[in-house]
Amino acid sequence: MKKLQIYLVLCFVLTIFNKTMLNAQQQGINQQQKLTQYIGTWYSADNIEDDFLGDSSKIKMVVTPKISINNALQVEVFEKRDNKWKTILVELISYDKKSNQIIANGTNEHNESFIGKGRFIGEDVLIMNDENLLLEAIMTVKFYFINSTEVVLKATNPKGKELWSVKYIKQNSKDKNIGVQLVSVKDLMNENPKETLKQLGRMGYSFIENFAYQEGKFYNRSPKSFKKLVEASGLKFKGSMVFKNFLDSSKKEVMSWWKQCIKDHAEAGVSYIITSSNELDKVNTLKDVELYVNYYNEIGKMCSDNGIEFGVHNHTKEFKKIGDNIIYNYWLENTNPNYVFFEADLYWMKKAKVNPIDYFTKYPGRFYSWHVKDEKELGLSGETNFEAIYKLAEKAGLKYNIAEIEIYDFLPIISAEMAYRYLYYNNFVKCYK
């Protein structure tokens with residue numbers, strides 16, 4: 001009898017310990033941020049094991065932020081009937097700060113309403129317990145987020161019997177023509193470019209700007225092979241950033257390099273090539289600045305002859321003053337606009353203490369491309385008035401709107417989707433082409 005009592009006490013202590021550890025784990029998880037990965041348009045896979053969408057998806061789920069991008073999500077579930085999507089369930093799901101949990105309120109096509117409460121119990125598992133309005137348990141639904149664009153839902157009744165299971169794959173809208181600079185996910189691209197591009201395409205990005213052209217290859221692939229890989233992911237290979245120092249090199253060697261570079265990019269079918277200088281510490285006279293003008297005009301002409309646009313990307317040193325001239329301004333005023341455009345990096349402009357709005361106003365139509373980034377994930381720092389900047393988008397000449405992430409609070413692939421959401425769901429960002 002004494003042994004039984006000891007055993008029961010130990011079981012009780014273990015239960016309390018497990019609950020305490022689980023609560024501590026849940027407290028450490030950013031429930032609100034984790035919930036945002038649910039935002040987007042999802043389609044059911046034919047089989048729960050599939051990592052692709054077949055031709056017969058029967059369920060569509062559209063999850064849209066309502067109060068802000070980070071809270072209050074409207075979920076609408078559709079079922080395909082007679083080749084038409086019919087709404088079968090609507091719910092509002094949100095994060096409750098006081099209880100630190102996820103709350104859902106919904107109703108289905110049979111006028112049956114429910115209330116759900118739950119939490120992420122790990123980085124990738126959300127458990128929701130649903131009750132009807134009589135406070136009777138209906139079911140428990142577990143969400144297993146495999147990655148940013150795949151989730152498996154499994155429902156069990158109050159006795160633990162499985163009711164249904166389904167796998168959803170995200171296919172977000174591309175109707176805003178948003179691009180992504182691949183340096184944002186550089187390690188993932190080096191490890192597994194196929195999987196990384198697949199996720200970026202599903203997130204809703206329309207095109208990529210490359211950052212890894214070396215010795216005629218893109219991520220160790222030939223131009224045609226890389227183009228095929230990008231397009232298989234539902235993306236377009238529109239742009240590429242390349243670097244070639246020229247101040248201490250022979251013109252013959254430099255122009256030979258550019259000739260091959262342009263040939264490779266034409267084979268890959270890109271729309272534009274971007275370059276930036278790593279040698280501006282050596283620029284000390286107006287004659288040095290003029291060397292760049294002639295250099296950029298010549299390369300721009302070579303690109304144009306091959307059906308490719310050519311642009312110049314800024315960091316901070318482009319805003320250095322040489323005598324009475326700012327390098328960047330001099331380039332803008334003296335390069336041929338038929339051959340040279342500019343890619344405005346909004347983050348580095350801010351670091352250089354210049355206002356992009358001033359440049360877009362003074363030099364209209366020259367800024368075909370933007371790198372849009374922040375001190376943290378896009379839009380989270382509150383230090384940049386992106387809405388004011390985007391009011392000048394058409395005046396600037398914007399047609400390549402590109403998210404870039406360099407500073408992370410989250411995993412790079414998650415940060416990349418956060419950037420897409422910021423650009424997609426903020427109405428001040430339009431479609432630029």
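Would you grab the residues whose amide H sits under 5 Å from the one on LYS217? Only those 5+ places off in sequence or on another chain, please, with H modelled 1.01 Å from N.
none
When every alpha-carbon pair in region 198-242 is counted, what percent end up more than 12 Å apart?
That tail contains 57 percent of the Cα-Cα pairs.
Tell me, what is the percent relative contact order of region 30-177, built from C-alpha pairs under 8 Å that lie six or more residues apart?
Reported as a whole number, the value is 19 percent.
Give me the Debye-computed log₁₀ of I(q)/I(0) at q = 0.21, 0.23, 0.26 Å⁻¹ for region 103-187, equal point scatterers on Cα only, no solvent, two decimals.
-1.07, -1.19, -1.32
Loop only by DSSP, 14 or fewer other Cβ within 10 Å of the Cβ. Give me the chymotrypsin sites (Phe, Trp or Tyr not before Pro) in region 237-326 that pass, ordered by residue number.
Numbers: sites: PHE237, PHE243, PHE246, TRP257, TRP258, TYR272, TYR292, TYR295, TYR296, PHE310, PHE319; in loops: PHE243, PHE246.
Loop-located and lightly packed - PHE243.
Quick one: net charge of GLY311's neighbours, Cβ under 15 Å, K/R +1, D/E -1?
Neighbour charge sum, excluding GLY311 itself: -2.
Roughly how many Å² is the accessible area per residue of the chain, as a whole number, for a 1.4 Å probe?
Solvent-accessible surface per residue comes out at 50 Å².
Assign one of three labels to region 257-354, namely rounded, prolate or oblate, based on the Cα gyration tensor with a ≥ b ≥ c the square roots of its eigenvalues; rounded applies when a/c is under 1.5, prolate when it is not and a/b is larger than b/c, and oblate otherwise.
It comes out prolate by the Cα gyration axes.
Sequence-distant or interchain residues sharing an amide H contact under 5 Å with ILE322, placed H: which?
Hits under the 5 Å cutoff: ILE327.
Net charge near THR335, counting Lys/Arg +1 and Asp/Glu -1 over other residues with Cβ under 14 Å of its Cβ?
That works out to -4.
Got a number for carbon plus sulfur as a percent of the chain's accessible area, 1.4 Å probe?
Carbon and sulfur atoms account for 51 percent of the accessible area of the chain.
Bin width 5 Å, origin at 0, all Cα-Cα pairs of region 302-414: what percent of pairs per bin?
Percent of pairs per bin, in order: 2, 11, 21, 23, 18, 13, 7, 3, 1.
Cβ under 15 Å from LYS80's Cβ, LYS80 left aside: what net charge do those residues give with Lys, Arg +1 and Asp, Glu -1?
With Lys, Arg at +1 and Asp, Glu at -1, the neighbours total -1.
From the list (i) 24.2, 76; (ii) 26.3, 97; (iii) 21.5, 65, can you say which value of Rg and Dmax of the Cα atoms in Å was derived from the structure given?
Read-out from the structure maps to (ii).
Calculate how steeply helix 251-268 sits against the longest principal axis of the alpha-carbon atoms of the chain, using the helix alpha-carbon long axis, and give the answer as 0 to 90 degrees to the nearest 10.
40 degrees
The values are calculated or read from the model by the stated rules, or taken from the named source; none is laboratory data. This structure is a prediction, so every number in the text was calculated from the model and none was measured. Cβ atoms come from the backbone with ideal geometry, glycine included; neighbour counts cover every protein chain shown. For the accessible areas, the whole protein counts, side chains as well, though only heavy atoms, and no ligand, DNA or RNA atoms are used. Shrake-Rupley method; radii C 1.70, N 1.55, O 1.52, S 1.80 Å.
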